[in-house]
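Q: Take a look at this one; I'll ask things after.
The values are calculated or read from the model by the stated rules, or taken from the named source; none is laboratory data. Just so we're clear, the structure is a prediction, and the values are computed from it rather than from any experiment. Cβ atoms come from the backbone with ideal geometry, glycine included; neighbour counts cover every protein chain shown. Only protein heavy atoms, including side chains, enter the accessible area calculation; ligands, DNA and RNA are left aside. Shrake-Rupley method; radii C 1.70, N 1.55, O 1.52, S 1.80 Å.
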Amino acid sequence: MHPAEHRALRELFVFTRQLANHWESLGKFLPTEEATALRAGSGAARDLLAELEPLTSARGLPTATMARFASRFASPRPGIPDRALERNQALRFAALDAHHVVTLLAYIANAAAADGDDELREFCSRWERKLRPHERAVRLAAVALGERPDEAIKPADASLAGRVGAKLNSGIGAFGEWFDGRR
């Protein structure tokens, strides 16, 4: 296996696990339409992980070790928790999760083809096709919020902690707007 494939598979495990956990968590406090898309995508990511483990193990790549090692260096999320974000921001970050994983699957498929690993190429191509509709659904939900700006800037999480975090985030945004206006 070429080092490019090895490194990318490690990254795929970390980012797919992050996508599954993030989308499941985010889906718990967003409105039904958005939550449904997030939960479906989270389930698909978990299915991918279940199939990925035996595939990587058969190639001598222990996914648990790979994930622990890679997660020390890879940070797929911004430092701000979803609870402190506006709905549009949380959904746009979620869409980036899926975009990264889908792009990574296409990259690994091409690397595997160049290395002559048809099984890995087919696996990654199949999962790229399976995850694209989930990526698209969340991206379209984020884009659609642009048509409803008052909803777009509501806190992603309506709990007290979410509202406080969103107020802080809004204050930072207002300061930026004030600062930009002074120039």
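Q: Could you go through the range 146-155 and let me know if any residue there is within 22 Å of Asn21 (Cβ to Cβ), in contact with a helix residue (DSSP H, G or I) (Cβ under 7 Å, 6 or more places away or on another chain) and not in a helix (DSSP H, G or I).
A: Looking for residues that are within 22 Å of Asn21 (Cβ to Cβ), in contact with a helix residue (DSSP H, G or I) (Cβ under 7 Å, 6 or more places away or on another chain) and not in a helix (DSSP H, G or I), one finds at least one in the range 146-155, hence yes.
Q: Collect the residues in the range 94-122 that are of a type in the set (A, V, I, L, M, F, W, C) and free of Cβ contacts under 8 Å to residues at least 40 places away in the same chain, keeping them in residue-number order.
A: Passing the criteria: Leu96, Val102, Ala106, Ala109, Ala113.
Q: Could you identify the single residue in Arg83, Arg77, Arg46 that is at pLDDT below 90, in a helix (DSSP H, G or I) and not hydroxyl-bearing (Ser, Thr, Tyr)?
A: Residue meeting the stated conditions: Arg83.
Q: Which one of the conditions (1) in a loop (DSSP other than H, G, I, E, B); (2) over 30 Å from Glu86 (Cβ atoms) does Thr56 fail to meet, given that it meets all the rest?
A: Here Thr56 clears every test but (1).
Q: What single numbered condition from (1) open to solvent by 30 Å² or more (accessible area, probe 1.4 Å); (2) modelled with pLDDT under 95; (3) not charged (D, E, K, R) fails to hold for Gly162?
A: Of the numbered conditions (1) open to solvent by 30 Å² or more (accessible area, probe 1.4 Å); (2) modelled with pLDDT under 95; (3) not charged (D, E, K, R), the odd one out for Gly162 is (1).
Q: If you take the residues of the range 1-28 that are surrounded by 20 or more Cβ atoms within 10 Å (Cβ to Cβ) and in contact with a Ser or Thr (Cβ under 6 Å, 6 or more places away or on another chain), which of them is nearest to Asp118 (Cα to Cα)?
A: Leu9
Q: Pull up the range 76-125, narrow it to residues that are crowded, with 18+ Cβ neighbours inside 10 Å and aromatic (Phe, Trp, Tyr), then point me to the one that is nearest to the chain's Cα centre (by Cα).
A: Phe93
Q: Among the residues of the range 49-74 satisfying the criterion of being among the hydrophobic types (A, V, I, L, M, F, W, C), surrounded by fewer than 20 Cβ atoms within 10 Å (Cβ to Cβ) and at pLDDT 70 or above, which is nearest to Asp118 (Cα to Cα)?
A: Here the answer is Leu55.
Q: Something else about it: List pairs: first in the range 53-72 and under 16 Å from Trp127 (Cβ atoms), second at pLDDT 85 or above and open to solvent by 60 Å² or more (accessible area, probe 1.4 Å), Cβ under 7 Å, 6+ apart or cross-chain?
A: Sorted first by the residue in the range 53-72, then by its partner, the pairs are Thr63/Glu53.
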